[in-house]
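Accompanying notes for the structure given below.
Derivation of every value follows stated rules applied to the coordinates shown; laboratory data play no part. Worth saying up front: this structure is predicted, and the values here are computed from it rather than measured. As a convention, Cβ positions derive from the backbone with ideal geometry for all residues, glycine included, and neighbour counts pool all protein chains shown.
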Amino acid sequence: MSWRASSGLRSWLLQRLTALYIVVFLAVFAFVWGGQTITFESWRAWVAHPAANIALLLFVFALLMHAWIGGRDVVIDYVKSASTRYVLLIVFALGLGIMGLWTLRILLLAGTG
Amino acid sequence: MRFLIHRYNPETDKKPRMQEYTLADINAGDMLLDALFQIKEEDDSLSFRRSCGEGVCGSDAMNINGRNGLACITPLNSLKEPIEVRPLPGLPIVRDLVVDMRPFYHQYRSVKPWLTVHDPEPETEYLQTPEQRDQLDGLYECILCGACSTACPSFWWNPDKFRGPAALLQSWRFLADSRDQATAERLEELEGAYRLFRCHSIMNCMDVCPKGLNPTKAIGNIKKMMLKHLV
């Protein structure tokens, strides 16, 4: 079975891998920031660091992908009509896509200005 | 003892109703099936399926106080009154407590629940080690009563596409069989978003199985096997 042909297994696996990354990231995040008050300056300095920047970017994309697979599952389960399904999935995908691009913009600009 | 029984005759009734029956003379240690027989003596228009009466044939699966089970092995004294008896959920109703099992059997047939061997057949019987035989325990005991699949919301929503816990348990029964040689074909057939992967592991199936089997675990094993075949 090839990776391309395995759409069911692929979503299932990605759902689990993204969940794993989200949990690990949140644990590290809690460890780094636990007990501290986050100010605009300290947050900005942290996000400007390449490692934190990339980790945060991966986190947001893992979260978006996790949400996409989960949301798509809910739509496949409960929405019978194909046209309603397409509309819902397109709106959902657009929403997630915009959030992803917005995050990308914020994180790419984080070190500048 | 009070009973509320689902009644529906598509030839005369516009919609289903719950009919109340009271049995004064019933032993609380009896099974629900005994009570249904007694009700049928009073009202012979009541229809339900049953055969062996001892939890082996799987004919009398029904929804008892909101939970799928076999009427013949459900003691009356384990049930709260009034005892509400309905047909298995999610399947078309033929009449009263009798459902059309065709969607269920269709999915069962689709997993090719028989041994497939590509090699020439051996002259004597197929041999298995005791360990290989142990792999089939907890799988072959299924009596196809349908309690699990009709307790599964994923099967309710997509009974035409999702195989359902009973069929998937049987799929794993042959994937786990050391004599079967159709592993790749079986896994291939279960690919896609529906047939296997509509299962979200909510475990209703193992909760209601009257034989104490665990389809959720079998489904997990199929997923693990797919993963191994992928890498």
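Compute the whole-percent fraction of alpha carbon pairs in the protein assembly as shown spaced more than 36 Å apart. Looking at the protein assembly as shown, the distances longer than 36 Å represent 41 percent of pairs.
The separation of segment A:72-104 from segment B:187-215, counted between C-alpha centres, amounts to 26 Å. If each DSSP helix of 4+ residues adds -39,500 (n - 2.57) and the sum is divided by the residues in chain A, what number results at 222 nm, nearest 500 deg cm²/dmol? About -29000 deg cm²/dmol. May I ask you to derive the FRET efficiency for B:T12 and B:S201 from their Cβ-Cβ distance with R0 = 30 Å, giving the value to the nearest 0.05? That pair, B:T12 with B:S201, gives E of 0.10. Local charge for B:L70 was computed over the other residues whose Cβ lies under 15 Å away, with Lys and Arg +1 and Asp and Glu -1, and equals -1. Cross-link check: pairs B:K15/B:K217; B:K40/B:K80; A:K80/B:K211; A:K80/B:K80; A:K80/B:K40; B:K40/B:K161 evaluated at a Cα-Cα cut-off of 28 Å; pairs beyond the cut-off: B:K15/B:K217; A:K80/B:K211; A:K80/B:K80; A:K80/B:K40; B:K40/B:K161. For chain B, modelled as a GNM whose springs connect Cα atoms under 10 angstrom apart, the maximal fluctuation among B:R67, B:R17, B:R86 occurs at B:R17. Normalising the average separation of contacting C-alpha pairs (under 8 angstrom, six or more residues apart) by the number of residues puts the relative contact order of chain A at 34 percent.
Hull volume per residue, based on the alpha-carbon atoms of segment B:140-231 and their convex hull, is 91 Å³.
When the helices of chain B are scored as -39500 (n - 2.57) per DSSP H run of n ≥ 4 and the total is divided over every residue, the value at 222 nm lands at -8500 deg cm²/dmol. Among B:D100, B:D44, B:D34, whose mean-square fluctuation peaks in a Gaussian network model of chain B (Cα, cutoff 10 Å)? Among B:D100, B:D44, B:D34, the largest mean-square fluctuation in the Gaussian network model of chain B belongs to B:D44.
Across segment B:14-101, C-alpha contacts under 8 Å between residues 6 or more apart give a mean separation that, scaled by the residue count, equals a relative contact order of 26 percent.
For segment B:57-214, relative contact order (Cα pairs under 8 Å, six or more residues apart, normalised by length) works out to 27 percent. Amide H neighbours of B:V94 under 5 Å, counting only residues 5+ apart in sequence or on other chains, H built in-plane at 1.01 Å? Result for B:V94 returns B:V99, B:D100.
No disulfide-compatible partner, judged by a Cβ distance under 4.7 Å, exists for the following cysteines of the protein assembly as shown: B:C72, B:C142, B:C145, B:C152, B:C199, B:C209. Across segment B:88-103, rounded Karplus estimates of 3J(HN,Hα) from the backbone phi angles (6.51 cos²θ - 1.76 cosθ + 1.60, θ = phi - 60°) give 4, x, x, 10, x, 8, 7, 5, 6, 9, 9, 10, 7, 7, 4, x Hz, Gly and Pro being marked x. When the charge dipole of segment A:7-109 is built from unit charges on Cβ atoms (+1 for Lys and Arg, -1 for Asp and Glu) and taken about the Cα centre, the candidate among A:I54, A:S11, A:V87 whose Cα reaches farthest toward its positive end is A:V87.
To test your reading of the geometry: what angle, between 0 and 90 degrees and rounded to tens, separates the Cα axis of helix B:164-175 from the longest principal axis of chain B? The angle comes out at about 30 degrees.
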